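Asker: To start, I am sharing the structure in question, which I have written as structure tokens.
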Amino acid sequence: MQNVGKTYANGTVALHAINVEIGAGEFVYVVGPSGAGKSTFIKLMYREEKASLGEIFINGFHVHQLQEKDIPFLRRGIGVVFQDFKLLPRLTVFENVAFALEVIETDPQEIKSKVMEVLELVGLANKARNLPSQLSGGEQQRVAVARALVNRPSLVIADEPTGNLDPDTSDDIMNLFAEINQNGTTVVMATHNKEIVNSMKNRVIAFEGGHIVRDELKGEYGYAY
Amino acid sequence: MPINKQALGRHIREGTRSLFRNGWMTVASVSAVAITLLIVGVFLTFAFNVNHIVSSIENDVEVKAYLDVTVDRNTAKQHVEAELKKLDGVEQITFITKEEGLKNFKAKFGEKGDLLNSLEKDNFLPDSFVVKAETPQKTEELGQKIKTIKYVKKINTGGDTTKKLFAVTSLVRTVGLVFVIGLGFTAIFLISNTIKITIMARQNEIEIMKLVGATNNFIRWPFFVEGTLIGFVGALIPILIILVGYAYLQRYIQVQLSLYFLDLLPLYPLILQISLILIGIGLFIGVWGSLISVRRFLRI
């Protein structure tokens, strides 16, 4: 990202001309108090929001000048995980993950093998037929991670993935992300979880008031936000 | 919108499913389309028939001149015939005796014409001349001239009937058009509301679809399918009603009212033309209705 800024329609300046470069295969924590610009930073990456100024390049896409019709193709290379999982309650675990492939018109035979493979990876192959409501919070988040990964994205973005989970479950999910990262996938994670950032050392980018105030490899969470 | 077979199957499945899930809204939308198209259909049936009748009248516009029955038949015939031959713009003159007139009259009543047998003894019909003008437009003018000939008691040019029919048709056309446009918009509004409900109910699915990179067209398709199906089903209902109703009306006019000379269009080519028009309008309303909702509520 070069000189990237974002001003919302109501005049709020969420980001002031920031510069960041994230290499392939990195694991990056994005930290900072609420309203510091973390979420905006995340949303700019998968073009949920469009940058007001500056340039963003991801996987060879010129994200800042991408046309509406090309956005889906940027997103096929990015997996996104949220704090509230965003699973479809009427679909089984298998169907939830398969949904991500169906809607990008993947061949049905391919869907089956890809879904089982990724469910194996997150350790939920035996619960493929369950509904989300029959799973624990941690298991539901695993399904969401599986859905983000099933399209084999080179970049996974997670917005507070452990925000709704208890500490033990959070550790499980973090181990899963670490494993994904070791397989070569870039992980960018916004988080408020101090323990995780301090125990699993990775690059830390800290935001405050729309500026990057700190960017260090093997960083600490820092301030008590 | 390029689309593969597998995806098309999915869109049709999704679209159909939400038709049933939306229950009463679907019923309301389909009814609105059906009522609109029923009016359009009845109006078209009427208009096609009026056109048919008018044009059949126009094609054989001729002046019928009925002779005075109080004078000697021969005197009247010779005088009038001589006068007619002097007129300009006459293509053909045919003399019809009162006996022939009765025969033609009976023919119009078909099988029931036998009821008129008693008239044969005491035929009150006049002798008449049928005068065909060189062009249909000159018929009226010719008729006025013939009217002034001595011994001509009465003329009939068919012009009045034609004029009246046209007046009625244009009135019905105007009133019908206003109704149909009003109802059409109601139908479009109801369809777009039904689609809106589907979109709202699917907010989560749509969000995830966008997130994992489904194309906008892929997201839109099921809603178009839903709208199109509403329009299509809404068109089938009035087609059935008109099919059954028209067949019944034809029999009623011929058998019950014995109006054999009221020459309605045959059911078969007519119902096909009307079906095509109604299905066309139904699909148009359906697609338009869903387009409105997809544009306004599907922020993609």
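Asker: Among the helices of chain B (complete DSSP H runs), which have Cα atoms covering no less than 27 Å along the helix axis and a Kyte-Doolittle mean of at least 0.5? Mind dumping the intermediate values first?
Answerer: Values: long enough: B:24-59 (51 Å, 1.46); B:159-201 (62 Å, 1.26); B:216-251 (53 Å, 1.15); B:267-297 (44 Å, 1.67).
Length and hydropathy pass: B:24-59, B:159-201, B:216-251, B:267-297.
Asker: Could you please report the charge total around A:Lys43, scoring K, R as +1 and D, E as -1 over all other residues with beta-carbon less than 10 angstrom from its beta-carbon? All intermediate terms of the calculation are to be shown ahead of the outcome.
Answerer: Working: positive: A:Lys6, A:Lys38, A:Arg47, A:Lys50; negative: A:Glu48, A:Glu49, A:Asp159.
Summing Lys/Arg as +1 and Asp/Glu as -1 gives +1.
Asker: What is the spin-label model distance, in nm, from B:Lys147 to B:Gln92 if the labels are put 7 Å beyond Cα along the C-beta direction?
Answerer: 2.5
Asker: Hey, got the average number of other protein chain Cβ atoms within 10 angstrom for residues in A:100-111? List each step's numbers first, then the result.
Answerer: Working: counts 6, 1, 7, 14, 7, 8, 1, 2, 1, 0, 0, 0.
The per-residue average across the peptide is 4.
Asker: Modelled label-to-label distance, B:Glu207 and B:Tyr268, 7 Å Cα→beta-carbon offset: nm?
Answerer: Result: 5.9 nm between the two label points.
Asker: I need the calculated FRET efficiency for the pair B:Ala107 and B:Leu249, taking r as the beta carbon distance and R₀ as 22 Å, to the nearest 0.05. Kindly include the intermediate steps, with their values, before the conclusion.
Answerer: Numbers: r = 23 Å, r/R0 = 1.07.
It comes to 0.40.
Asker: Restricting to the protein assembly as shown, compute how many DSSP beta bridges are antiparallel as a %, nearest 5. Please list the in-between numbers first.
Answerer: Numbers: 26 of 44 bridges.
Roughly 60 percent of the beta bridges in the protein assembly as shown run antiparallel, per DSSP.
Asker: Work out Dmax and Rg for the range B:62-157 from the C-alpha atoms and quote the Rg first, both in angstrom.
Answerer: In Å, with Rg to one decimal and Dmax whole: 14.2, 41.
Asker: Please work out the Kirkwood hydrodynamic radius for the protein assembly as shown, using every pair of different C-alpha atoms, and report it in angstroms with one decimal place.
Answerer: Working: mean 1/r = 0.0333 Å⁻¹.
By the Kirkwood definition, the hydrodynamic radius is 30.0 Å.
Asker: Just going by the charge dipole of the range A:103-191, with Lys and Arg at +1 and Asp and Glu at -1 on Cβ, which of A:Asn181, A:Val103, A:Ala144 is farthest out on the positive end?
Answerer: Most positive-ward Cα: A:Val103.
Asker: Got a sec? Charge dipole of the range B:62-157, +1 on Cβ for Lys and Arg, -1 for Asp and Glu; which of B:Thr97, B:Leu67, B:Ala107 is way out at the positive end?
Answerer: The residue sitting most towards the positive pole is B:Leu67.
Asker: A follow-up question, please. Could you point to the residue in A:Ser52, A:Leu87, A:Gly35 farthest towards the positive end of the range A:1-96's charge dipole, with +1 and -1 charges on the Cβ of Lys/Arg and Asp/Glu respectively?
Answerer: Of the options given, the answer is A:Leu87.
Asker: Would you kindly state how much longer the chain becomes between A:Arg129 and A:Phe57 on full extension, computed as 0.36 nm times their sequence separation minus their alpha carbon distance, in nm to one decimal? Show your work: numbers first, answer last.
Answerer: Details: separation 72, 0.36 × 72 = 25.92 nm, distance 3.89 nm.
So the chain would gain 22.0 nm between A:Arg129 and A:Phe57.
Asker: Extent of chain B along each principal axis, from alpha carbon coordinates, in Å, largest to smallest?
Answerer: Sorted from largest, the Cα extents of chain B read 99, 40, 31 Å.
Asker: Over the range B:193-300, what is the mean sequence separation of C-alpha contacts under 8 Å (at least six apart), divided by residue count, expressed as relative contact order in percent? Walk me through the numbers before you get to the answer.
Answerer: Details: 71 pairs, mean separation 52.8, N = 108.
Here the relative contact order equals 49 percent.
Asker: Determine, from the Cβ-Cβ distance of A:Asp107 and A:Asn164 and an R0 of 41 Å, the FRET efficiency 1/(1 + (r/R0)^6), rounded to the nearest 0.05.
Answerer: The pair A:Asp107/A:Asn164 has a calculated efficiency of 0.75.
Asker: Please give the calculated 222 nm ellipticity per residue for the protein assembly as shown, where each DSSP H segment of at least 4 residues contributes -39500 (n - 2.57) and the sum is spread over every residue; nearest 500 deg cm²/dmol? List each step's numbers first, then the result.
Answerer: Working: 16 runs with 278 residues, N = 525.
It comes out at -18000 deg cm²/dmol, rounded to the nearest 500.
Asker: A further question on this structure: Taking the Cβ of A:Glu195 as the centre, find all other residues whose Cβ is under 15 Å away and add up their charges (Lys, Arg: +1; Asp, Glu: -1).
Answerer: Numbers: positive: A:Lys194, A:Lys201; negative: A:Glu160, A:Asp166, A:Asp168, A:Asp171, A:Asp172, A:Glu220.
Around A:Glu195, the charge tally is -4.
Asker: I would also like to ask the following. Lys and Arg at +1, Asp and Glu at -1: add these up for the other residues within a Cβ distance under 10 Å of A:Val31 and post the number.
Answerer: Values: positive: A:Lys38, A:Lys194, A:Arg214; negative: A:Glu208, A:Glu220.
It works out to a net charge of +1.
Asker: Please report, in whole Å, how far the alpha carbons of the range A:2-216 spread along each principal axis, starting with the longest.
Answerer: Ordered largest first, the range A:2-216 gives principal extents of 47, 41, 32 Å.
Asker: In the structure shown, do any of A:Lys114/A:Lys218; B:Lys85/B:Lys150; B:Lys77/B:Lys145; A:Lys43/B:Lys196; B:Lys132/B:Lys153; A:Lys38/A:Lys194 have a Cα-Cα gap over 24 Å, and if so which?
Answerer: Cα-Cα > 24 Å for A:Lys114/A:Lys218; A:Lys43/B:Lys196; rest within.
Asker: Then there is this: For peptide B:210-222, what's the mean number of Cβ atoms from other chains within 10 Å of each residue's Cβ? Intermediate results must be reported in sequence, preceding the final value.
Answerer: Working: counts 6, 14, 17, 14, 9, 9, 4, 2, 5, 2, 0, 0, 0.
Mean number of neighbouring Cβ atoms from other chains: 6.
Asker: When DSSP assigns beta bridges and you keep just the ones with both residues in chain B, what percent turn out antiparallel, to the nearest 5? Write down the numbers at each step before the final one.
Answerer: Working: 14 of 14 bridges.
Percent antiparallel among DSSP bridges in chain B is about 100.
Asker: Between A:Ala17 and A:Glu68, what is the FRET efficiency for a Förster distance of 35 Å, r being their Cβ-Cβ separation, to the nearest 0.05? Write down the numbers at each step before the final one.
Answerer: Details: r = 25 Å, r/R0 = 0.72.
In this case the efficiency is close to 0.90.
Asker: Which three extents, in angstrom, do the Cα atoms of the range B:180-257 have along their principal axes, listed largest first?
Answerer: Projected onto its principal axes, the Cα set of the range B:180-257 covers 68, 22, 17 Å.
Asker: Could you order B:Leu87, B:Leu8 so the one with the most accessible surface comes first? Probe is 1.4 Å. Working shown, then result.
Answerer: Details: B:Leu87 40, B:Leu8 65 Å².
So the residues, ranked largest to smallest area, are B:Leu8, B:Leu87.
The values are calculated or read from the model by the stated rules, or taken from the named source; none is laboratory data. None of these values were measured; they are calculated from a predicted model. Ideal geometry is used to build each Cβ from the backbone, glycine not excepted, and the neighbour counts take in all protein chains shown. Surface accessibility is based on the protein's heavy atoms, side chains included, excluding ligands, DNA and RNA. Shrake-Rupley method; radii C 1.70, N 1.55, O 1.52, S 1.80 Å.
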